[in-house]
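The values are calculated or read from the model by the stated rules, or taken from the named source; none is laboratory data. This one's a predicted model, so the numbers in the text were calculated from it and none came from an experiment. Positions of Cβ are generated from backbone atoms using ideal geometry, with glycine treated the same way; all protein chains shown enter the neighbour counts. Heads up: the accessible areas ignore ligands, DNA and RNA and are worked out on the full protein's heavy atoms, side chains in. Shrake-Rupley method; radii C 1.70, N 1.55, O 1.52, S 1.80 Å.
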Amino acid sequence: MNTEAPIEETGTEEFQHLNVDIDEAGLAWLVISRPKALNALNSEVIEELRDALVELVSYEDVHAIIITGDGDKAFVAGADISEFTGLTPLEARGLSQTGQDVLATIEASPIPVIAMINGFALGGGLELAMACHLRVASTTALLGLPEVSLGLIPGFGGTQRLTRLTSPGVAREWIITGDMFSAEEAHRVGLVTRICAPEDLRETTAKLASSITKRGPIAVATALDVIRRGLEVGQTEGENIEADAFGMLFATEDQTEGAAAFLEKRKPEFLGR
Ligand code: CO8
């Protein structure tokens, strides 16, 4: 696999509903673009998201991925409701599982993935944002899981991730009211870690990404992996996973470099090995 060819050379032709741009800082900006449907996730977008993710994590010069929505109105207004018509229960289950698998790929990415929430993040859109490692929102964004308004429940992992990211009480309220909540409220309950004015959203997100990408990339990937796996198990097993990973990092050059740089009072030069 060619790990150096940037996706930007092929990305816009390859994807019908995604724009991908890799900047000089190694940040891959992945923009979901179906503005006429408020960037709703149809089956094609979901497939394209998976393909883009798999491709981006294979590039050595991509250090963080930022997912956002085209325009200033919506991040993603949910799964595409027009695709629900006439679905059999089995087909609906299949669509739910396909979406869950793609979101699990995002969550398992060794490269940090940040959701930049620039507007409506509803239903499958919020579920997508919740699968990202971090969430930054514009103060004008509105977030929610309105599926019960459609006689449904969240189907892309939302019942599980919102509960883990906030609390069972918050998750129940958000899910069974189906209400939309402000970015401030999402920040208050810990669902988003940063909020800012819409005009500062890109810069705030880029700064957050840069504060991660200057750290040791293997350590960052390992931390994300240990946190994710730890959420699936009890405390003791989680600490075993942590100790194993901690030990493994002592086999990396980055660890040697990190300690040496500290002792020599200079900035570390991490090589990701
Ligand atoms: N799917 C399809 N089209 C959409 C969606 C959507 N989720 N959201 C908006 N659109 C379309 C509208 O139909 C409209 O199209 P058109 O111009 O052709 O009529 C266009 O986008 C603009 O939308 P509005 O005119 O409605 O814009 P408003 O500013 O009046 O309202 C809202 C914005 C409040 C965001 C409104 O569009 C809305 O309520 N959208 C639906 C939100 C929603 O219910 N999302 C959850 C969907 S269900 C889901 O995500 C389940 C995930 C798990 C799936 C499991 C697999 C099957």
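Cα convex hull, segment 5-213: 109 Å³ per residue, rounded to a whole number. For the chain, the longest principal axis of the C-alpha atoms and the axis of helix 201-213 are separated by about 40°.
Helix 235-249 against the longest principal axis of the chain: what's the angle in degrees, Cα atoms only, rounded to the nearest 10? Here the helix axis deviates by roughly 50 degrees. Amide H to amide H distances under 5 Å link Arg34 with Asn39, Asp70, where only residues 5 or more positions off or on other chains count and H is placed in the peptide plane. Can you give me the accessible area per residue for segment 217-263, using a 1.4 Å probe, in Å²? Normalised by residue count, the accessible surface of segment 217-263 is 66 Å². Amide H contacts for Ala141 (H built 1.01 Å from N in the peptide plane; partners 5 or more residues away or on another chain; cut-off under 5 Å): Ala183. Atom-type composition of the exposed protein surface of the chain places 55 percent of the accessible area on carbon and sulfur (1.4 angstrom probe). Candidate cross-link partners of Lys207 among the lysines, defined by an alpha-carbon separation under 29 Å and a same-chain spacing of 8 or more, comprise Lys73, Lys265, Lys267. Full extension of the segment from Glu60 to Ser149, taken as 0.36 nm per residue of separation minus the current Cα-Cα distance, would add 27.7 nm. Between Val76, Val20, Val226, the Gaussian network model of the chain with springs among Cα atoms under 10 angstrom shows the greatest mean-square fluctuation at Val226. Over the chain, with a Gaussian network built from C-alpha contacts below 10 Å, which listed residue (Ile195, Ile218, Ile114) shows the highest mean-square fluctuation? Maximum among the listed residues: Ile218. Specify whether the C-alpha gyration tensor of segment 174-260 places it in the rounded, prolate or oblate class, a ≥ b ≥ c being the square roots of the eigenvalues: rounded for a/c under 1.5, otherwise prolate if a/b is larger than b/c and oblate if not. Note, shape of segment 174-260 comes out oblate.
Among Met248, Met116, the order of accessible area from largest down is Met248, Met116, computed with a 1.4 Å probe on protein heavy atoms.
The long axis of helix 217-230 is offset from the longest Cα principal axis of the chain by roughly 50 degrees. In the chain, the DSSP beta bridges split such that about 30 percent are antiparallel, to the nearest 5. Given the options Pro168, Pro198, Pro35, state which has the largest fluctuation in a GNM of the chain using a 10 Å cut-off (strictly under) for Cα springs. Between Pro168, Pro198, Pro35, it is Pro168 that shows the largest mean-square fluctuation. Note on Ser210/Glu242: beta-carbon distance plugged into 1/(1 + (r/R0)^6) with R0 of 30 Å gives a FRET efficiency of 0.70.
Amide H contacts for Ile117 (H built 1.01 Å from N in the peptide plane; partners 5 or more residues away or on another chain; cut-off under 5 Å): Val136, Ala137, Ser138. Rounded to 0.05, the FRET efficiency of the Leu90 and Leu231 pair, given R0 = 35 Å and the Cβ-Cβ distance, is 0.75. Site pair Glu47 and Ala260 shows an inter-label distance of 4.9 nm when each label is modelled 7 Å from Cα along Cα→Cβ.
Once the chain from Ala251 to Thr159 is taken as fully extended at 0.36 nm per residue, the excess over their C-alpha distance is 29.3 nm.
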